[in-house]
Amino acid sequence: YAKVFTACVVAYAFSPIDLIPDFIPILGYLDDVILVPIGVMLALKMIPKSILTNCEVKAEEMMKKGKPKNWIVGSIIVLIWGLIIIWAIIKIYRLIN
């Protein structure tokens, strides 16, 4: 049940559909500022302490090793952004001329 609740909190946080739409001044963002942290807090209380401590130990071990690097995927992302920028420059140049 903790996994399902946590998945629902994450889905709500990333969902474009809100309880109160964002275009309503102040209240639109206030629901995100209040509901998401409360959901995270409740999800953390649902997870057993032994699992949390185990995950904390694994996270500390991973931080000691350093972040994993994937240069191939990083290069592909930079290449895609470069192509998008070149395409946009060409379109703007053609639009101006």
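If you scan the range 52-97, which residues turn out to be part of a helix (DSSP H, G or I) and of a type in the set (Gly, Ala, Ser)?
ALA59, GLY74, SER75, GLY82, ALA88, listed by residue number.
In the range 18-25, is there at least one residue being more than 23 Å from the chain's Cα centre (by Cα), in a loop (DSSP other than H, G, I, E, B), modelled with pLDDT under 85 and surrounded by 10 or more Cβ atoms within 10 Å (Cβ to Cβ)?
Looking for residues that are more than 23 Å from the chain's Cα centre (by Cα), in a loop (DSSP other than H, G, I, E, B), modelled with pLDDT under 85 and surrounded by 10 or more Cβ atoms within 10 Å (Cβ to Cβ), one finds at least one in the range 18-25, hence yes.
Does LYS58 meet the test of being surrounded by 10 or more Cβ atoms within 10 Å (Cβ to Cβ) and among the basic types (Lys, Arg)?
So LYS58 fits the description; yes.
The values are calculated or read from the model by the stated rules, or taken from the named source; none is laboratory data. All values derive from a computational prediction rather than experimental measurement. Using ideal geometry, Cβ is built from the backbone for each residue, glycine included, and neighbour counts are taken over all protein chains shown.
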